[in-house]
Amino acid sequence: MDDKTLTVIFSKDRPLQLDGTLRSLKRHCSDISDVGVRVIYLASSSRMKSLYRQVMREHPEVVFVSEADFRRDLLLILAEGKHVLFLVDDALFLRPFSIRNLADSLDNHPKAIGFSLRLGRNTDYCYALDKPQQIPEFETVADGVLKSVWTVSEHDFAYPLEVSSSLYRSVDILPLLGKLEFRNPNTLESEMAGHAVQFRDSHPELLCATASLAF
């Protein structure tokens with residue numbers, strides 16, 4: 001495992017959305033050249049395979065992994081880097097950021113389980129539950145970086161382990177995933193969320209930007 005931060009994007013039969021994710025990531029991440037971008041993709045038809053090949057040509061610096069065994073494929077990738085940013089193929093970035101700054105913030109706050117790129121002071125509505133949510137009590141810990149306690153928060157702010165747009169330390173997340181059984185991104189997130197309680201005492205904090213970096 002080296003000091004590289006990896007971005008792992010999950011994609012199934014959505015090459016167009018994936019292209020949008022990659023383009024917005026490269027547009028807004030100032031140090032994207034220092035990030036190892038991996039896409040684990042699944043194409044269910046020859047048409048989809050052809051479209052994914054087009055995306056590969058458009059983004060030659062990205063490593064594409066055709067899904068064979070999702071769990072094994074992911075664990076092998078995670079062993080390559082110090083931090084991992086999980087993304088799904090309909091995520092879009094809308095504000096500039098540095099992945100190194102996010103990783104440094106995470107390392108500077110060892111009780112933080114992760115850095116959410118989708119949360120911020122603006123996320124006062126939980127779309128998954130279709131209801132308003134209370135913004136937690138934030139502490140400003142760096143320029144544009146907020147810290148909250150997820151163990152006493154609600155809805156999105158109490159959901160620290162997810163795969164849509166969050167950064168984690170591999171040393172925290174890899175041992176957990178090595179114990180879990182999952183076969184796709186949905187079951188991966190379900191298992192992660194179900195085991196978040198084990199971090200309640202050791203990592204009760206969650207970082208985010210002042211306003212959402214991605215949605």
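No lab work stands behind these numbers, since they all come straight from the coordinates. Owing to the predicted nature of the structure, the values given are computational and were not obtained by experimental measurement.
Tabulated data
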{"quantity": "Residues whose placed amide H lies under 5 Å from that of Phe64, excluding near-sequence neighbours", "calculated": "Val39"}
{"quantity": "Part-to-part distance (alpha-carbon centres) for region 1-46 and region 154-215, which is given in Å", "calculated": "19"}
{"quantity": "HN-Hα J in Hz across region 13-30 - Karplus 6.51, -1.76, 1.60, θ = phi - 60°, x for Gly and Pro", "calculated": "6, 9, x, 5, 5, 4, 4, x, 4, 5, 5, 5, 4, 5, 6, 9, 8, 5"}
{"quantity": "Extension gain (nm, one decimal) between Ala142 and His155, 0.36 nm per residue minus Cα-Cα", "calculated": "2.2 nm"}
{"quantity": "Table column - 3J(HN,Hα) (Hz), region 90-95, Karplus curve with 6.51, -1.76, 1.60, x for Gly and Pro", "calculated": "10, 7, 10, 9, 10, 9"}
{"quantity": "For Gln133, distant residues with modelled amide H under 5 Å away", "calculated": "Tyr125, Cys126"}
{"quantity": "Within straight-line cross-link reach of Lys82, lysines at Cα separation under 27 Å, skipping those fewer than 8 residues along the same chain", "calculated": "Lys4, Lys12, Lys26, Lys111, Lys147, Lys179"}
{"quantity": "Value of [θ]222 nm, deg cm²/dmol, for the chain, DSSP H segments ≥ 4, -39500 (n - 2.57) each, nearest 500", "calculated": "-9500 deg cm²/dmol"}
{"quantity": "Placed amide H near Thr7: partners under 5 Å, 5+ positions off or other chain", "calculated": "Gly36, Val37, Arg38, Leu85"}
{"quantity": "For region 130-142, Karplus couplings with θ = phi - 60° (6.51, -1.76, 1.60), whole Hz, Gly/Pro x", "calculated": "6, 7, x, 9, 6, 6, x, 6, 9, 10, 7, 10, 6"}
{"quantity": "Region 77-194: projected area of the alpha-carbon convex hull, averaged over directions, in nm²", "calculated": "7.8"}
